[in-house]
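K.L.:
Pasting a structure here, questions to come.
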Amino acid sequence: MPSERRPPLALTLAAAAGLVFLLAPIALIFLYAFSSEEKSFQWPPPGFTVKWIGVTLHRPDVWQALGLSLKVAAISTVVALVLGTLTAAAVSRSRFFGREAISLLVILPIALPGIITGISLRSAFALLDVPFSTWTIVLGHATFCIVIVYNNAVARFRRTSGALIDAAMDLGADGLQTFRMVILPNIATALLAGGMLAFALSFDEVIVTTFTAGNQTTLPIWMLEELVRPRQRPVTNVVAMAVVIVTILPILAAYYLTRDGAQTAGSDK
Amino acid sequence: MSTEAPAIFAPRPGLLPRLADRLLRRPRMFVFLMVLPITLWLGIVYVGALIALLIQSFFSIDEFSGMVVREFTLKTYGELLRPANLDILLRTVVMAGAVTLAAAVMAFPIAYFAARYARGIWKALFYVGVMLPLWSSYLVKVYAWKLVLAKEGILNWIFAKLHLTWALDAFLGLPVIGGNSLSVSYAGTFLVFLYIWLPYMIMPLQAALVRVPPGLIEAAADLGAHPGQSFRMIILPLALPGMVAGSIFTFSLTLGDYIVPQIIGNSRLFLGQAVYLQHGTAGNIPLAAAFTVVPIVVMGLYLWGARRMGAFDAL
């Protein structure tokens, strides 16, 4: 509802203050990554250096954690893409018994506090005698990533006309051809956006991971250990900055892909 | 148009196309196969595990052996009502409520400005301003606040530069919310919660405010309403579903969080921490399960109320 009037001063000030509140802590992360202070969080930083970036680059534990996080996020995203799209297609294209239940089911892992999902999955793994591994982390992450892909795909399916599919079939395309040449191009950007958000969510997840990881260390778990028992603050500063950059790039890309008329991308995490 | 196409196509060569064709002729089977994996995983494993967890809350723990007694009892729920545990529940719900209220108050001007006045570069800035903190790593955000609230950190520095350290000290001297320093007080925990969940309030609120027709506000002004009146009688009622939708996030997320109070705050437990401790070190699974029932019930009631207020259309 854009309007031509000038905003009241109080509103402008309050909104600007809100923006500062939202952005200043993140800006601080970037500043501290270059601080030359090692022992404390001293402000203002006594000096600036790029030394700690080099130190961080030579830390094997950081690389291992990063590698595991990327791997888990990539596999979870693929699983979520397949399951989320299938479910979205079924729910939006046909009416069947239990349809409402399924749309509720998908949202459940994200609607319930992460700690509940974490404990439930842990006891399920224990019950089924599944040893903790990278795959248990992946399953945990996929569980709550599905909803992101599902939301994006459902919104797109709703806007895609079913007549297109019927037309393709009438013209003699088989099911696979219809999928490849009609459905996929129509939903591709929604899937890409959903996939990127799912990736970012998985890359960042810590609560469910603490219950399903066994003794493996993802980057968020590394970060959490550093938060609880700080060992090397400068390295943590640099890692924090790197994480911000890694999570922000997919967000900007997802925004770019869905910016025309879709609020589906980021509106529900 | 010269040759007549057969009304029914011959079966296509190749295994996959034939399989696809066959599936399409059985739409029920097709849908069943599409939802089968999700039903197996979420419907059976995940919900099964949830139910198993809830059932455990009706078991109790033998105080001498520390073993779980698998008999139906409400004893564990009775334990929730012990003063120490009741304190935890009360503390968490009050914190979640306070964070939600503060987030609504703080989100409103940001969402309203972004929806109504922001254009061009400002629009992009507001977008980044909400999306960056929304999607930045949760732990990085907590870490950022560790930097902000540290004794040698920027907040104390600002207060010192403004010669307002005495005000900060007086604030920290207050009972309950105060403490030795901001990073070990409820006020600190509250600030971090507010920061982390604020974007979740801004997004739906802004979506609701964008839909308020400006003509309506102008009409109210033309009919003699002063800004306060149009706010109270036009904007607020129309924005309320968005606000309630946002509050679902802020409330529920604060309710279940166990990392923020562990890192920023005093040593008093919040609900999530209690679950974590009972489940892990204390090994009292029934009590942990009983604790998790509380946010499920509270959120169930909350969602039921929110649905009646039309909050789901604003999501």
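K.L.:
For chain B, taking Cα atoms only, what is the radius of gyration to one decimal and the Dmax to the nearest whole Å?
P.N.:
For chain B, the Cα radius of gyration and maximum Cα-Cα distance read 26.8, 95 Å.
K.L.:
Related question: Could you work out the helix-only [θ] at 222 nm for chain B, with each DSSP H run of four or more residues adding -39,500 (n - 2.57) and the total divided by the number of residues, to the nearest 500 deg cm²/dmol?
P.N.:
Working: 16 runs with 211 residues, N = 315.
That calculation yields -21500 deg cm²/dmol at 222 nm.
K.L.:
Show me the ranking of peptides A:233-242, B:265-274, B:227-236 by mean Cβ neighbours inside 10 Å, starting with the highest.
P.N.:
For the peptides A:233-242, B:265-274, B:227-236, the packing ranking is A:233-242, B:265-274, B:227-236.
K.L.:
Now for a different question. What residues of segment B:162-192 lie in the reach of a label at B:ASP87, counting those whose backbone N is under 15 Å from a point 7 Å from the Cα along Cα→Cβ?
P.N.:
B:176-177, B:186, by backbone N distance to the label point.
K.L.:
If you take the beta carbon distance between B:GLU71 and B:ASP222 as r and set R0 to 60 Å, what does 1/(1 + (r/R0)^6) give as a FRET efficiency, to the nearest 0.05? Don't jump to the answer; show the numbers that get you there.
P.N.:
Values: r = 71 Å, r/R0 = 1.18.
So, using R0 = 60 Å, E works out to roughly 0.25.
K.L.:
For chain B, set up a GNM with springs between Cα atoms under 10 Å and report which of B:LEU42, B:LEU238, B:LEU149 has the largest fluctuation.
P.N.:
Among B:LEU42, B:LEU238, B:LEU149, the largest GNM mean-square fluctuation belongs to B:LEU42.
K.L.:
For the pair A:SER103 and A:VAL78, how long in nm is the line joining their label points, each one 7 Å along Cα→Cβ?
P.N.:
Modelled inter-label distance: 3.1 nm.
K.L.:
Based on the Cβ-Cβ distance from B:LEU15 to A:SER133, what FRET efficiency comes out when R0 is 35 Å, to the nearest 0.05?
P.N.:
On the way: r = 34 Å, r/R0 = 0.96.
Taking R0 as 35 Å, the efficiency between B:LEU15 and A:SER133 is 0.55.
K.L.:
Let me ask something else. Add -39500 (n - 2.57) for each DSSP H run of 4 or more in chain A, then divide by its residues: what number comes out at 222 nm, to the nearest 500 deg cm²/dmol? Please report the intermediate quantities before stating the final value.
P.N.:
Details: 13 runs with 198 residues, N = 269.
One gets -24000 deg cm²/dmol as the mean residue ellipticity at 222 nm.
K.L.:
Could you work out the relative contact order of chain B? I mean the mean sequence separation of Cα pairs under 8 Å and 6+ apart, divided by the number of residues, in percent. Intermediate results must be reported in sequence, preceding the final value.
P.N.:
Values: 328 pairs, mean separation 72.8, N = 315.
Once normalised by length, the contact order is 23 percent.
K.L.:
Return the single residue from A:GLU37, A:GLU225, A:GLU100 with maximal mean-square fluctuation; model: Gaussian network over chain A, springs between Cα atoms under 10 Å.
P.N.:
A:GLU100
K.L.:
What is the average number of partner chain Cβ atoms found within 10 Å of a Cβ in B:144-156?
P.N.:
The mean count of partner-chain Cβ atoms within 10 Å per residue comes to 5.
K.L.:
Could you tell me which of B:SER181, A:ASN186, A:THR87 has its Cα farthest along the dipole of the protein assembly as shown towards the positive end, charges placed at Cβ (Lys, Arg +1; Asp, Glu -1), taken about the Cα centre?
P.N.:
Ranked along the dipole, the leading option is A:ASN186.
K.L.:
Right, next: Which of the peptides B:120-130, A:118-128 is most tightly packed, and how do the rest follow, judged by the mean count of other Cβ atoms within 10 Å per residue?
P.N.:
So the order, starting with the most tightly packed, is A:118-128, B:120-130.
K.L.:
Given points 7 Å out from each Cα along the Cα-Cβ axis, report the A:PHE96 to B:ILE51 separation in nanometres with one decimal.
P.N.:
Using points 7 Å along Cα→Cβ, the separation is 2.1 nm.
K.L.:
Averaged across the residues of A:127-136, what count of C-beta atoms belonging to other chains lies within 10 Å of each residue's C-beta? It would help to have the intermediate numbers written out before the result.
P.N.:
Numbers: counts 4, 2, 0, 0, 0, 0, 0, 0, 0, 0.
Counting other chains' Cβ atoms within 10 Å and averaging over A:127-136 gives 1.
K.L.:
Using 1/(1 + (r/R0)^6) with R0 = 25 angstrom and r between the beta carbons of A:THR49 and B:TRP157, what's the FRET efficiency to the nearest 0.05? Don't skip to the answer; put the middle values down first.
P.N.:
Numbers: r = 20 Å, r/R0 = 0.82.
Computed FRET efficiency for A:THR49 and B:TRP157: 0.75.
K.L.:
Subtracting the Cα-Cα distance from 0.36 nm times the residue separation, let me have the gained length for B:VAL210 to B:VAL94 in nm, one decimal. List each step's numbers first, then the result.
P.N.:
Numbers: separation 116, 0.36 × 116 = 41.76 nm, distance 3.09 nm.
Extra length available between B:VAL210 and B:VAL94 comes to 38.7 nm.
K.L.:
Loop-only trypsin sites (Lys or Arg not before Pro) in segment B:33-101, please: DSSP not H, G, I, E or B, and at most 16 other Cβ atoms within 10 Å. Show your work: numbers first, answer last.
P.N.:
Details: sites: B:ARG70, B:LYS75, B:ARG91; in loops: B:ARG70.
When the trypsin sites (Lys or Arg not before Pro) of segment B:33-101 are filtered for loop state and at most 16 Cβ neighbours within 10 Å, B:ARG70 remain.
K.L.:
Could I ask something else about it? Quick check for you: which residues of segment A:174-216 have the amide N under 14 Å from the point 7 Å beyond the Cα of A:VAL228 toward its beta carbon?
P.N.:
A:206-216
K.L.:
A follow-up question, please. Using the Cα centre of segment B:83-314 as the reference point, and only Cβ charges (+1 on K/R, -1 on D/E), how large is the resulting charge dipole? Debye, rounded to the nearest 20. Intermediate results must be reported in sequence, preceding the final value.
P.N.:
On the way: 13 positive and 7 negative charges, 47 e Å.
Approximately 220 debye in magnitude.
K.L.:
How many Cβ atoms of partner chains, on average, are near each residue of A:11-17 if near means within 10 Å of its Cβ?
P.N.:
Working: counts 8, 3, 1, 7, 12, 6, 3.
The shielding value for this peptide is 6.
No lab work stands behind these numbers, since they all come straight from the coordinates. Quick caveat: nothing in here was measured; it's all calculated off a predicted structure. Backbone-built Cβ (ideal geometry, glycine too); neighbour counts: all protein chains shown.
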